[in-house]
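Please read the structure below before turning to the comments.
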Amino acid sequence: MKISVMGYGTVGSGVVEVIMMNNEQIVKNNCLDSLEISHILDLRDFPNLPFSDKFTKEFNDILNDDETKIVVETMGGLHPAYEFVKSCLQAGKSVCTSNKELVAAYGDELLKLAKEKDVNFLFEASVGGGIPIIRPIVKCLAGNKFNKVAGILNGTTNFILSKMIRDNMSLEEALKIAQENGYAEKDPTNDIEGHDACRKICILASLCFGDHIYPDEIKTEGITKISLSDVEYAKNCNRVIKLIGSAEKDENGKICAQVSPALISDASPLSAVNDVFNAIMVDGNAVDEVYFIGKGAGKLATASAVVGDVIDCAVNKGTIKNYFWNEHKSDVLVSSDDMPTALYIRGFASDKENAEKKIESVLGKVTYLKRENAPKDEIAFLTSCDIRKIQEEKIKSIDSLDIQSVIRLADY
Ligand code: HSE
């Protein structure tokens, strides 16, 4: 079996490394005749590798290579990845991708095309890096109706928050280390502003609930506004701050999906997931809650997921039909602003006593939080559960409170 790889960056080079490193065992354990790399597409030169002769700058060398039956797409970005992947599928080649942006934007269309051509479009590495999550949802949990899927979906931000929580490190310093380790996206804005996690929750929600959900339909907030003071207040109420992507059905069957920082209980399995690790909780009506934890980013971990897909394509001829979701529908979502939630609020008030009176008259009972060496005019508190947009309007009406942070509380 011959495969080609498009994009020799962190993940693409990892895929080549894993296939070469474990070739004998992969071939033997999966009853393949062989598994060889035919072409590697990249615009850069790699003259000093033992397999430099495999590099090409021409996509057509892969498209027109009849021996290449499986193409790995690890280029990232939407264009030309979309055009290349579509052409490969149209030519009857299976595609395995780590590109969450591509799957979140065009998953329904590419899955449909793969089905028409009786090949596969697989994307295990697009969510959770090395964690098996797509295949377990599609196959092992196929007997369930899903209620909820939620988790820590971005390794870079989890790494940063872990450093802030445990080492009192600044966001900038921690981001630099994450980039040096190859975890962060080319543009770290996608990580720290939550866009990467948003694409991943869209893929999971589309898979669990059956209709394509686009990233721009989902309220997305990153970690850039989180301060070390928030981290400390969270600790003092037995919680930790994590960037959570979640999608769940409300009582009317609509889906509420969002990405935002959340204060989760320090007793939650998600609270103990640190550094570059990701964790995903899937709640099915038969299985109840199951957790998947592992390395959510990094060269070999992500390559492990891609190579698993490659092997699946090599072993199973023809489309694996349960990898599928429907086209986008306009009426399946409900905004997280319209859902009930409890909130953590931090702000400043020069007249604290008056501000607290106003807070209680507007919001009812709240729980005040303390931290050591807090500035005299700082107030932090937890609200009770109510519709988010109503709570936010009430909080904004408190003129004497200069709001610094609003973070939801979540129970997973
Ligand atoms: N930048 C991503 C992360 C890489 O940090 O999780 C894996 O998708």
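The values are calculated or read from the model by the stated rules, or taken from the named source; none is laboratory data. Computed from a prediction, not measured in an experiment: that's the story for all the values here. In this analysis, Cβ positions are derived from the backbone assuming ideal geometry, glycine residues included, and neighbour counts consider all displayed protein chains. Remember, those area values only see protein heavy atoms, side chains included, never the ligands or the DNA or RNA. Shrake-Rupley method; radii C 1.70, N 1.55, O 1.52, S 1.80 Å.
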(request) Report the extension gain between TYR214 and ASN316 in nm, rounded to one decimal, defined as 0.36 nm multiplied by the number of residues separating them, less their alpha carbon distance. (result) 33.8 nm
(request) Please report, in debye to the nearest 20, how large the charge dipole of the chain is about its Cα centre when each Lys and Arg carries +1 at its beta carbon and each Asp and Glu carries -1 there. (result) 700
(request) Tally up the carbon and sulfur contribution to the accessible surface of the chain as a whole percent, 1.4 Å probe, everything protein left in place. (result) 47
(request) Give the calculated FRET efficiency between ASP402 and LYS357 to the nearest 0.05, with a Förster radius of 22 Å applied to their Cβ-Cβ distance. (result) 0.85
(message) If you wrap a convex hull around the alpha carbons of the chain, what volume per residue comes out, as a whole number of Å³?
(response) 143
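Over the chain, with the other protein chains present, what is the accessible area per residue in square angstrom, probe 1.4 angstrom?
43
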(request) Mind giving me the nanometre distance, one decimal, between the label points for ASP53 and LYS389, set 7 Å out from Cα along Cα→Cβ? (result) 6.4
(request) Take each uninterrupted DSSP H stretch in the chain, measure its Cα extent along the helix axis, and return the ones at 18 Å or beyond whose mean Kyte-Doolittle hydropathy is at least 0.0. (result) 195-209, 299-315
(request) Quick one: Debye curve from the alpha-carbon atoms of segment 195-239 only, equal weights, vacuum; give me log10 I(q)/I(0) at q = 0.14, 0.27 Å⁻¹ to two decimals. (result) -0.51, -0.87
(message) Past 24 Å, Cα to Cα: identify those pairs from LYS69/LYS115; LYS54/LYS115; LYS200/LYS329; LYS139/LYS249, in the order given.
(response) LYS54/LYS115
(request) Would you please classify the overall shape of segment 138-295 from the alpha carbon gyration tensor, given that a ≥ b ≥ c denote the square roots of the eigenvalues, rounded means a/c under 1.5, and beyond that prolate means a/b larger than b/c while oblate covers the rest? (result) prolate
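Give me the number: length gained by fully extending ASP187 to LYS2, i.e. 0.36 nm times residue separation minus the C-alpha to C-alpha distance, one decimal in nm.
Values: separation 185, 0.36 × 185 = 66.60 nm, distance 3.25 nm.
Taking ASP187 through LYS2 to full extension adds about 63.3 nm, to one decimal.
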(message) For a quick check of understanding: with a 1.4 angstrom probe and all protein chains in place, what accessible area in square angstrom does LEU63 have, to the nearest ten?
(response) 40
(message) Given 4 °C and 1.567 mPa s, compute D for segment 243-382 with the Stokes-Einstein relation, Rh being the Kirkwood radius over Cα pairs; round to the nearest whole µm²/s.
(response) 65
